[in-house]
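S.K.: Structure in C-alpha cells, see below.
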Amino acid sequence: MTAPVRRAGVFAALCTLALVVPLFGTPVAVAVAAVVLLGAGVISDGPVFDLLAYPGDYEDGRLYGLLTFVLAAVLLGVIAETSSMSTAVFVGTVFLVGYGDLGEQLARQQTDHDVARVTIFCLSALTAAVAGQAATVAITDGTGALESVLPTLVFLAASGALLAALLRDILMLYDDPVVMLFVGLLLWLLAELEPALGAVEITIALAITAAFGYVAYALETASIAGMLTGVLLCLLTIILGGYGWFAVLVSFFAIGGLSTKFRYDRKEDLGVAEENNGARGIGNVLGNAAVAIAAVLGYAASSATVFPIDLEPTLFLFAFAGSVATAMSDTLSSEIGSIFESPRLITTLEPVDPGTDGGVTWQGEVAGLAGAAIVALISYGLFPEVELIGAAIIVAAGFVGMTVDSLLGATLEGTLLGNQGVNFLATLSGALACALLVLSFAVLG
C-alpha cells in the first residue's frame, strides 16, 4: 500500500468522526475536533507525521494538510449548527470528500486512464455521501424516515460528487478543504429547494446525464472538466426544471459541440480553430450555460417559495430559453461565420481578419438566427407557456444576445473582458431581454 493510499485511508477514517455530531451532539464533536487539531499542531516528525503528511508538509514540519482539512470540516459544522443547513448535509459532505479521495487513490494504483479515475472518484464519493446522510437521518429521525428521502439523498450526493470531481480537476490535488466547503454550500442550496424525487426519476436522470457526458467526451466535444460541468448542469436541469428544460439545454451542447467540428481543418488553416481539437473546457461551458443554470435554480426557488417575494416561474423559463438561444446563436455564428474570409467589424463595418473579436459575416448572422430559431422551436414544442409570440421573443432575444456578444468583442474583449466573460454577459443580456419582453407583452396584453 502506497503512502497516498494510507494517508487517504486515515483521512477517510477521520471523516467518519463527523457522525459524532448526530450521535453525541455538538459539544462532544467540538472536543473531538479540538483533539485532532491539537495533534496536527503538535506532531512534527516520526511515523505518524509520515503517515499523515502531504509532500508540502515536510518543508515546514507541520501537518498543514490535516489542519486545513479539519478546519474546513469545523467551519462547515459551524454553518450547519448556526443556519438551516441540515446535519445530514454536513456529514454527507465530509464523507463525500474523504472517501471519494480514498477511492481515487486506490484507482491510481490500478489505472492511468483519467476518465476511469474520475468515474471511480464519483462512485466512491456518491456512495459515501449517501451512506453518511442516510446514517444521520436514521440516527436523528429513525430508519422509517429513510425510504421517503433516499432519492433526494442520492441526488444531493451525485451533485456533490460531480462538483467535487470538477473542482479537483481544476484545482490543486491537495485543495480538498476548498472542495469540501463548496460542495457543502451547493448541497445546502439544493436541499433548500426541496426537490421532490422518486427512485425511478433519480435513476433515469443519472443514467441519462452519465450517458450524455460519456458521449460528449468520446466525441471530443468536451474535456474532462467540460464533461463534468455539463453532466452536473444537465442533472440539475432535469431534477429542478424537467426534461423539457434538459432538451433545450442539451440541444445547445450537442449542436454547439458538433458545429465546432464543422470544417475544422479549414478553421485551423485560418487560425480560428478552438484549442484541444475543439473540446470545450469548463470555462466555455460555464460561460455559455451559467446564466441558464441560474434560471433553473431561480425557477426551482420560485416554485418552492424560497424567495421572500412572489416571482412568476414562467419568467425564469423564458430567461432560460433566452440565454440558451443566445449561446446557440453566438456559437453557430462564430463556428459557421469563421470559415469565411470576409468578416467586418460590427462597430465600423471595416474588413478585418478572420477570428478578429467583434468580426461578423452575413453567413454567420444567418447561422446565428437559425440557432435561435432551433431553441425557440424546441421550446414552443415542449412548453405550453411558449406560444407563437413567445417563440418569436426567444428568437429576438437570441439575436440581441448574439449582437451584444459581437459588440463586447469589438470593444472590451482583450482589455477588460476575456472570451468567457463576454459569453456570460451576452447570455445574461439574452436572458434579460427575453424575460423583459415577455413581461412587457403581459403588461400590455
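The values are calculated or read from the model by the stated rules, or taken from the named source; none is laboratory data. Note that this is a predicted model, so its numbers are computed, not measured. So basically every Cβ, Gly included, is an ideal-geometry build from the backbone, and we count neighbours across all protein chains shown. For the accessible areas, the whole protein counts, side chains as well, though only heavy atoms, and no ligand, DNA or RNA atoms are used. Shrake-Rupley method; radii C 1.70, N 1.55, O 1.52, S 1.80 Å.
S.K.: Using only alpha carbon pairs under 8 Å that are at least six residues apart, calculate the relative contact order of the range 147-227 and give it in whole percent. If you can, show how the numbers build up before the last one.
M.R.: Numbers: 37 pairs, mean separation 29.4, N = 81.
Over the range 147-227, the number comes to 36 percent.
S.K.: Taking amide H positions as placed in the peptide plane 1.01 Å from N, state which residues far from L345 in sequence (5 or more) or on other chains have amide H under 5 Å from it.
M.R.: Amide H neighbours of L345: E350, V352, V360.
S.K.: Between rounded, prolate and oblate, where does the range 1-110 land on the alpha carbon gyration tensor, with a ≥ b ≥ c its root eigenvalues, rounded for a/c under 1.5, else prolate if a/b exceeds b/c? Don't skip to the end; give the middle numbers.
M.R.: Working: a/c = 2.34, a/b = 1.42, b/c = 1.65.
Oblate, since a/c reaches 1.5 and b/c is not below a/b.
S.K.: Let me ask you something else. Tell me whether the range 123-197 comes out rounded, prolate or oblate; compute the Cα gyration tensor, take square roots of the eigenvalues as a ≥ b ≥ c, and use a/c under 1.5 as the rounded threshold. If you can, show how the numbers build up before the last one.
M.R.: Values: a/c = 2.38, a/b = 1.96, b/c = 1.21.
Note, shape of the range 123-197 comes out prolate.
S.K.: If I model a spin label as a point 7 Å beyond the Cα along the Cα-Cβ vector, how far apart are those points for D353 and V48 in nm?
M.R.: 6.3 nm
S.K.: What ranking do 134-146, 59-71 get when scored by the average of other Cβ atoms within 10 Å per residue, highest first?
M.R.: Details: 134-146: 15.6, 59-71: 17.8.
Highest to lowest by the protection proxy: 59-71, 134-146.
S.K.: Rounded to the nearest percent, how much of the accessible area of the chain (1.4 Å probe, protein heavy atoms only) is carbon and sulfur?
M.R.: On the way: 13120 of 19690 Å².
Roughly 67 percent, rounded to a whole number.
S.K.: Output the relative contact order of the chain, whole-number percent, from Cα pairs under 8 angstrom with separation of 6+ residues. Present the calculation step by step, with values, prior to reporting the outcome.
M.R.: Working: 667 pairs, mean separation 50.1, N = 445.
With pairs under 8 Å counted, the relative contact order is 11 percent.
S.K.: So, one more: Quick one: grab the alpha carbon gyration tensor of the chain, order the square roots of its eigenvalues as a ≥ b ≥ c, and give me rounded if a/c is under 1.5, else prolate or oblate depending on whether a/b is larger than b/c. Write out the running numbers ahead of the final one.
M.R.: On the way: a/c = 2.37, a/b = 1.60, b/c = 1.48.
Here the chain falls in the prolate category.
S.K.: Could you work out the helix-only [θ] at 222 nm for the chain, with each DSSP H run of four or more residues adding -39,500 (n - 2.57) and the total divided by the number of residues, to the nearest 500 deg cm²/dmol? If you can, show how the numbers build up before the last one.
M.R.: Details: 19 runs with 338 residues, N = 445.
Calculated from helices alone, the mean residue ellipticity at 222 nm is -25500 deg cm²/dmol.
S.K.: Over the chain, average the accessible area per residue using a 1.4 Å probe and give it in Å², no decimals. Write down the numbers at each step before the final one.
M.R.: Values: 19690 Å² over 445 residues.
Computed with neighbouring chains in place, this is 44 Å² per residue.
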